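Working notes for the structure below.
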Amino acid sequence: MDFRTAPLDDTSAQALAATGLRYALVDAADADALDGWTRADFRGFHGRRPSPEQLAGARENFAPRRNTGVYDDAGATTDPVGTVNTWPAPLTVPGGARVDSWAISSVTVAPTHRRRGIATALLGGELRTAHALGLPLAILTVSESVIYGRWGFGPATWATAWSVDTKRVRWSGGDTPGRLSFTEPEDYEETGAQVLDRVMADRPGEIGLEPYLAKRLVGPLKGDPEADKARLVRYDSADGEPEGFVSYSLKGGDEDFTRHTVEVRYLAAATPEALRALWRFLLELDLVAEVKVWTRGVDEPLQALVNDVRGARVTDLEDHLWVRILNVPAALQARTYERDGSLVLEVADELGFAAGRYRLTVQDGRATVSATDDPADVTLPVTALGSAYLGHDVVRGLALAGRIQGYADALDRLFRTAVPPRLSTWF
């Protein structure tokens, strides 16, 4: 079944109809309908009114997705008052498998239509649709961290932001063989997508990128008002193999031309050599006083690459990827484990998708999962299972807060991975 034309969720459709609202798929071939959906999406995130160029780009970028809107046909606008779009995205899990997961994005509700059940219908409808399509997981990145737990999502990766005082630090990361070159996004788009695929396959928590998501990391999208400030540098190994790139822009310098700020739009490194070379390039740029970067992992090795660790500071640490388990056996069997063991898990799920008692047995790093009536060793809500799923060090804290009960240490030893998961982009 084509996910873009799968039937709308009837439960959500009926709930919205009872409040005078209409739930509908947007026909990607209907330019007017998709433009209206895009205007509502921009408005929902307090963006500028999309330009004709941005609307044209959105028609191309969002056409491969399943775009859903909620409409108030009695209102003064034909644009939707609620939006969401979705697609199956390969999520890298511990062990390197890439599991198709229901990626959810562009969730908006017009402030004129709050408290009419729109968000409940949109999120519930997407989870029921994903379950009907046989997908074991749903994933999203969030603007607010207090919303999505009610639908069973739990934060599974964390992202760091950094500020580096380049007038204070010196490079101490060793030699950086290979070649750096300025390039243009349109010339590097295909190669950049290949580099990104290597990056995304290499770390649990990263997702396979559709062309739109890859393109916006390589360079600015059509209509971006900051496009003329963007720069792109590629890194090729000593053997000429493309292994990384950095997209960035320069800000400031008006009062003191020697003190520009570099804002990194995205840094992609498929090898350690690429990571070191690109960081060195950024830190040694002339006429620059500060480098800022976002959505790096919690284990970003930046402080090890400079002589003064206090010159490279973490300025923010936030939840990033949220995971919702829909099929416990399929999800747990898809990943590998660094320790063997056996536990009976009692999973609570108010929406019913993952609820049940399961025996998880890991042997030689591979899991088998089956329903059981044996007494539970660990009891936890589906939100906590989603948080622990990718291997982050969260179980002990959730147990301390009373959200996981039973043998939490055994669960932590089984699920946690030596390398923490990471998602280095938004979707």
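The values are calculated or read from the model by the stated rules, or taken from the named source; none is laboratory data. Computed from a predicted structure; not experimentally measured. Don't worry about glycine lacking a Cβ; one is built from the backbone with ideal geometry, like all the others, and counts go over all protein chains shown.
Among residues of segment 73-98 being among the aliphatic types (A, V, I, L, M) and buried (at least 19 other Cβ atoms within 10 Å of the Cβ), the one that is farthest from Phe45 (Cα to Cα) is Val93.
So, in segment 18-47, of the ones that are part of a helix (DSSP H, G or I) and aromatic (Phe, Trp, Tyr), which residue ends up surrounded by the fewest Cβ atoms within 10 Å (Cβ to Cβ)? Among them, the one singled out is Phe42.
Among the residues of segment 184-232, write down those that are assigned to a strand (DSSP E or B) and buried (at least 19 other Cβ atoms within 10 Å of the Cβ). Write out each step before concluding.
Within segment 184-232, the first condition is being assigned to a strand (DSSP E or B), and the residues that meet it are 207, 230-232.
Hits for segment 184-232 are Ile207, Leu232.
Taking the conditions (1) closer than 30 Å to Thr129 by Cα; (2) part of a loop (DSSP other than H, G, I, E, B) in turn, Val298 satisfies each one other than (1). Residues in segment 55-82 that are of a type outside the set (D, E, K, R), over 22 Å from Ala17 (Cβ atoms), in contact (Cβ under 8 Å) with a residue 60 or more places away in the chain and in contact with a helix residue (DSSP H, G or I) (Cβ under 8 Å, 6 or more places away or on another chain): Asn61, Phe62, Pro64.
Each residue in segment 402-421 was checked for being in a loop (DSSP other than H, G, I, E, B), surrounded by fewer than 21 Cβ atoms within 10 Å (Cβ to Cβ) and either in contact with a Pro (Cβ under 7 Å, 6 or more places away or on another chain) or acidic (Asp, Glu) (or both), and 2 pass. The requirement of being within 30 Å of Gly240 (Cα to Cα), among the acidic types (Asp, Glu) and at pLDDT 95 or above is not satisfied by Asp79. Residues in segment 219-239 that are at pLDDT 95 or above and over 24 Å from Leu287 (Cα atoms): Asp236, Ser237, Ala238, Asp239. Do the conditions hold for Arg43, that is, is it under 21 Å from Glu226 (Cβ atoms), of a type in the set (Lys, Arg) and in contact (Cβ under 8 Å) with a residue 12 or more places away in the chain? In short, yes.
Out of Arg116, Arg128, one residue alone is touching an Asp or Glu at 6+ places or on another chain (Cβ under 6 Å) and outside any strand (DSSP E or B). It is Arg128. Exactly one residue among Thr78, Thr68, Thr11, Thr19 is farther than 17 Å from Lys222 by Cα and touching a strand residue (DSSP E or B) at 6+ places or on another chain (Cβ under 6 Å), and that residue is Thr68. In summary, Leu123 fulfils each of the numbered conditions (1) touching a residue at least 40 places away in the same chain (Cβ under 8 Å); (2) surrounded by 18 or more Cβ atoms within 10 Å (Cβ to Cβ) with the single exception of condition (1). Look at segment 83-94: where a residue is within 14 Å of Phe3 (Cα to Cα) and a partner is among the aromatic types (Phe, Trp, Tyr) and outside any strand (DSSP E or B), sitting 6+ places away or on another chain with Cβ atoms under 8 Å, you get Asn85/Phe62; Thr86/Phe3; Trp87/Phe3; Pro88/Phe3; Ala89/Phe427. Taking (1) touching a Lys or Arg at 6+ places or on another chain (Cβ under 9 Å); (2) over 14 Å from Thr271 (Cβ atoms); (3) at pLDDT 95 or above in turn, Pro242 satisfies each apart from (2).
Being within 28 Å of the chain's Cα centre (by Cα), in a loop (DSSP other than H, G, I, E, B) and modelled with pLDDT of 95 or more is true for just one of Ser387, Ser424. Which residue is that? Full working, then the answer.
Working: Ser387 fails: in a loop (DSSP other than H, G, I, E, B).
Every option except Ser424 fails the conditions.
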